[in-house]
1. For region 255-350, which GluC sites (Glu not before Pro) are in a loop by DSSP, counting at most 12 other Cβ atoms within 10 Å?
2. State whether region 70-179 is rounded, prolate or oblate according to the following rule on the C-alpha gyration tensor (a ≥ b ≥ c being the square roots of its eigenvalues): a/c under 1.5 gives rounded; otherwise a/b larger than b/c gives prolate, and the remaining case gives oblate.
3. With the full set of protein chains in place, find how many percent of the accessible area of region 338-504 is carbon and sulfur; take the probe as 1.4 Å.
4. Taking Cα atoms, how many degrees apart are the long axis of helix 347-359 and the longest axis of the chain, rounded to 10 and kept between 0 and 90?
5. Rounded, prolate or oblate: which one fits region 230-310, using the alpha carbon gyration tensor with axes a ≥ b ≥ c (rounded when a/c is under 1.5, else prolate when a/b beats b/c, else oblate)?
6. With a probe of 1.4 Å, find how much accessible area the chain has per residue, and write the answer as a whole number in Å².
7. Write out the cysteines belonging to the chain for which the nearest other cysteine Cβ is not under 4.7 Å, or none if no such cysteine exists.
8. May I ask for the angle, rounded to the nearest 10°, between helix 101-111 and the longest principal axis of the chain, with both axes built from Cα atoms and the value confined to 0 to 90°?
Amino acid sequence: MTIWVLGDQLSRTHGPLADVDPETDRVLMIEATAFADRHPYHAQKLALVFAAMRHVRDELREEGITVDYQRAETFGEGLDSHFEHHPGDALTVVEPASYGAGERLEAMVDDRGGSLECVPDPTFLCSPEGFDEWLDSDGDAPTDVGDVRHEDFYRWMRRRTGYLMNGDEPVGEAWNFDDENRAFPRPEYDFPEPPAFEPDELTRETLAWVEDEFDAWGNLEPFEWPVTRTQALAARDDFIEQRLPEFGPYQDAIVGRSWAGNHALLSPALNLGLLHPTELIEPAITAYQDGHAPLPSVEGFVRQILGWREFVRQIYRRRMPAMAEANQLEATRDLPPLYWDGNTEMACLETVVDRVRRRGYSHHIERLMVLSNFGLLYGVDPAALNHWFHATYVDAYHWVTTPNVVGMGVFGSDALATKPYAASANYLDRMSDCCGDCRFDPDETTGEDACPFNALYWDFLERNADRLQSNHRMGLVYHHLENKADDERASIRERATAVRERVADGEL
Ligand SMILES: Cc1cc2nc3c(=O)[nH]c(=O)nc-3n(C[C@H](O)[C@H](O)[C@H](O)COP(=O)(O)OP(=O)(O)OC[C@H]3O[C@@H](n4cnc5c(N)ncnc54)[C@H](O)[C@@H]3O)c2cc1C
């Protein structure tokens, strides 16, 4: 059998590579580069994927497994070369996560006289069939994907897996502890330094090649991401030991002195297949059982992986292809230049774009409440923002950015949220320490010194009143808007228009 291993399918513990037999199996890997000509990808993202692939290639070869490692412009060229040497070969691949990719690969292989079998992806805990059965069941589960809520799915996953359960009841007698997880750290609180993995010779070689080969975005070095399973396990252990105990309380805080906070930084390894979700969930639960980490932190972490990650994967599958183009608020503005150049006087945006440029990473609330919130209020085309996230984050793949950006981030689709995650400077001032150093005043809405988020926020509500006002979860904010006098509303509109023009011109 020839196992075709795609760049984000590097699991050695689950799927075809777990049982690879040097006597009978061969592995095909294609390192295609042309995709990066279409968008400027983050240099570290390119280095991460290619370094991880090359390490798996070398590990397999050391184990005596034949690896046909093709370096080509495109998958098509890589396949041409493979089939030249192995005419009529029968390939097996794990069902790719990107919408339609399985069929496209099958057609390419077919055209070259071979055959391709797609096998189920074992690196998620919820199978497509399991999710569909849950959706379509007659119990109290919703029957249409549009009605599905993460919380219902998460509770179903908890019951199904038995994670953090006492029989049919949640451990700690609550399904979540969000109220305890919204603190802001005191200035003297020291976040532990996350581990930095020194590139080995193969990674250094890959870094040099990325530098020569691609017109990439962002800083290539220092490159400190785990690129092997051994490193990923070490990163996991470090997180459980050092940062999990206080993961919960500060998970929403945006803190100038720490880019990582107590976040796991494990999504890059998880999404490449270097770790399996159970390898994060189970040690976290053990840490709780051993008294090392409190339940609110552990439950909060488990929910991200057992709940959100699995949920967005299945929602993507069910909602594609429409979700990639969804634009229910009809937002059509181009992505402003500040997302690429970071040139802005708004301290929160400047800080977060700088974090992305340096490492291809920022944490969830920075993605949601700074970058997406700004795009939402400004009126950016959801697909344009999705492209940006896809290109610039080290953990980004179409299956995960599309629901998170189009659905959750800018409310282009209603699949992930019942209302937009729209917030004014008030939220940012409460959950970050950016406003203190910012030239804009978070308490002002109009005038040259007012934080741009404020006028954009009220203007967003006004512009979208037809669509959002009837949403009962937005009743209170619309009540506040209605209480504003006509001249105040006119000044807000004027300020919002000026802000949008200057942002579009890269001048704010
Ligand atoms: C606009 C936007 C874009 C995003 N883009 C990506 C992306 O490209 N790739 C990606 O993996 N995640 C993405 N997320 C989800 C989440 O922000 C990241 O998974 C998380 O920040 C990764 O960092 P961490 O490992 O330190 O996570 P932690 O905060 O420590 O969380 C633990 C793990 O939970 C999982 N997780 C948590 N929330 C989500 C979620 N909403 N979707 C999927 N997995 C989740 C991740 O695997 C993560 O490693 C995005 C969220 C938003 C709002």
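1. Details: sites: GLU279, GLU299, GLU310, GLU325, GLU330, GLU345, GLU350; in loops: GLU330, GLU345.
Those that pass, being in a loop and sparsely packed, are GLU330.
2. prolate
3. Values: 2730 of 6140 Å².
Looking at region 338-504 in its full context, I get 45 percent from C and S.
4. So the helix axis and the longest Cα principal axis differ by about 10 degrees.
5. rounded
6. The answer is 42 Å² per residue.
7. CYS118, CYS126, CYS435, CYS438, CYS451
8. The angle comes out near 30 degrees.
The values are calculated or read from the model by the stated rules, or taken from the named source; none is laboratory data. It should be emphasised that the depicted structure is a prediction, and the values quoted were computed from it without experimental measurement. Virtual Cβ from ideal backbone geometry, glycine too; neighbours counted across all protein chains shown. Calculation scope for accessible area: heavy atoms of the full protein, side chains included, ligands and nucleic acids excluded. Shrake-Rupley method; radii C 1.70, N 1.55, O 1.52, S 1.80 Å.
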